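A short write-up of the structure that comes next.
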Amino acid sequence: MAALAIKQVKSPNGASKRQRASLRTLGLGRIGRQVERPDDDVVRGLIYSVHHLVEVKDA
């Protein structure tokens, strides 16, 4: 299964509670943190909700 490298590039200050929860679920919490997650529909949905705060690449 393919994986995605997700990096937080912006602060969640001013973001909604739902967007902050999406970042926590992805394993992010501070700028510069990077995680790898499987490329599936659930992760894609979380990324979509915070796409303006993260950068996504194929791992």
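In sequence order, the range 28-35 has phi-based couplings of 9, x, 9, 4, x, 6, 10, 9 Hz under the Karplus curve 6.51 cos²θ - 1.76 cosθ + 1.60, θ = phi - 60°, and Gly or Pro positions carry x. Find out how many positive minus negative residues lie around Gln8, taking Lys and Arg as positive, Asp and Glu as negative, among other residues whose Cβ is under 9 Å from that of Gln8. So the surrounding residues net to +3. As a rough footprinting exposure proxy, the listed residues Arg24, Arg30 were ranked by other beta carbons within 10 Å of their own, and the order from fewest upward is Arg30, Arg24. Please list, in order, the residues from the range 1-21 whose amide nitrogen is less than 17 Å from a point placed 7 Å along the Cα→Cβ vector of His52. Answer for the range 1-21: 8-21. Remark: Ser11, Ser49 ranked as Ser11, Ser49, counting other beta-carbon atoms within 10 Å and listing the fewest first. Hydrodynamic estimate: the Kirkwood radius of the chain over Cα pairs, inserted into Stokes-Einstein at 20 °C and 1.002 mPa s, corresponds to D of 192 µm²/s. In plain terms, the residue of Lys10, Lys57 with the fewest other Cβ atoms within 10 Å comes first and the most crowded comes last, giving Lys57, Lys10.
About its Cα centre, the range 3-58 has a charge dipole of approximately 420 debye under the convention of +1 per Lys or Arg Cβ and -1 per Asp or Glu Cβ, with nothing else charged. Think of it as helices only: each DSSP H run of n ≥ 4 in the chain is worth -39500 (n - 2.57), and spread over all residues that comes to -9500 deg cm²/dmol at 222 nm. Between Ala59 and Ala3, Leu4, Ala5, the built amide H atoms are under 5 Å apart, and every one of these is 5 or more places off in sequence or on another chain.
All of the numbers you see were taken from the coordinates with simple rules; none came from a lab. The structure presented is a predicted model; accordingly, all values stated were derived computationally and were not measured. Heads up, the Cβs are rebuilt from the backbone with ideal geometry, glycines too, and the neighbour counts pull from every protein chain shown.
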